[in-house]
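Below: the structure, in structure tokens.
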Amino acid sequence: MTMNQISPHPVRILPSLLAADFANLGPDAKRALDAGAYGLHADIMDGQFVPPITYGADVVKAIINVTGAWVDAHLMIEDPDKQVLAFASAGAKAITIHAEATPHLHRVLGMIRDAGCEAGVALNPATPVTATLQHVMPLLDRVLIMTVNPGWGGQKFIHEGLGKVSEVAQLLRSFNSMARLQVDGGVTPDNAAELIRHGADELVAGSAIYRGDVEANIAAFQKQIDSVQLA
Ligand code: DX5
Ligand code: ZN
């Protein structure tokens, strides 16, 4: 018998703009927000930590200016300390850095908090949970469990991620932490309920939202959320 892992927070849907039309970012962002998304997930890639390059703080600022959205910047970049202030000034409310991208996790999380943003740590599929997070727990507002290898949208969900989500949920509970637990990569309405039951409370989705009908896709996610949280 596994204990109830469901988060104390209401579950949020966060569309990843990586799957939007880059020539139409403002309207694509607004469409998802109007359909009920809580905010927007901005995937920042530098061509170093991961091979692709996406966009930077100026683009995030422009999207915030036109939508007024709550934006979560997922920095898939080396040396994130050099970029944190730019994303905070751009208006991102949450900044998540990769544990694998800096030897100075504790310091950079402190920088993010000092800049007035929520501080998050993302873990690649091969990165252990407890060993990586236990000494920075008081600095965490968010843990992001990658359920694909970062760098590209549209990949297949890595099932082992579910166990990591449970492990984070237990760790947060044991520290009495109210940090958010985000999952990113291959998240769809088909695995949403299972992820929430394991403790996820922020569902990031790119292709499952922007492929096809955005309104219908967000409604399909909301139905799964309600089936668990209202049960
Ligand atoms: C992957 C990014 C994800 C990506 C998810 O490196 O961090 O946010 O956009 O895309 P899907 O939902 O298509 O797997
Ligand atoms: Zn992401």
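Readers should treat all values here as calculations from the given coordinates under stated rules, not as data from a laboratory. Just so it is clear, the structure is predicted and the values come from calculations on it, not from any experiment. FYI the Cβ positions are ideal-geometry reconstructions off the backbone, even for glycines, and counts take in every protein chain you see.
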Item to check | In the stretch 76-100, residue surrounded by the fewest Cβ atoms within 10 Å (Cβ to Cβ) [restricted to those that are farther than 16 Å from Leu139 by Cβ, within 16 Å of ligand 1 (Cβ to nearest atom) and of a type in the set (A, V, I, L, M, F, W, C)] | outcome: Ile77
Next on the checklist: Need pairs with beta-carbon distance below 6 Å; first residue farther than 15 Å from Asn191 by Cα and within the stretch 150-168, second within 16 Å of ligand 1 (Cβ to nearest atom) and in a helix (DSSP H, G or I); sequence gap 6+ or separate chains.
Outcome noted: Gly153/Leu18; Gly153/Ala19; Gly153/Ser207
Checklist entry - Does the stretch 145-162 include one or more residues that are acidic (Asp, Glu) and near ligand 1 (Cβ under 8 Å from one of its atoms)? => result no
Checklist entry - Take the residues of the stretch 1-37 that are surrounded by 17 or more Cβ atoms within 10 Å (Cβ to Cβ) and among the hydroxyl-bearing types (Ser, Thr, Tyr): which is farthest from Arg211 (Cα to Cα)? => result Ser7
Next on the checklist: Only one of Ala169, Ala200, Ala205 is surrounded by 20 or more Cβ atoms within 10 Å (Cβ to Cβ), more than 30 Å from Ile53 (Cα to Cα) and within 18 Å of the chain's Cα centre (by Cα). Can you tell me which?
Outcome noted: Ala169
Checklist outcome for this item: Taking the stretch 172-195 and keeping residues over 10 Å from the mean Cα position of the chain (by Cα) and either more than 16 Å from ligand 1 (Cβ to nearest atom) or buried (at least 24 other Cβ atoms within 10 Å of the Cβ) (or both) leaves Leu172, Arg173, Ser174, Phe175, Asn176, Ser177, Met178, Ala179, Val187, Ala192, Ala193, Leu195
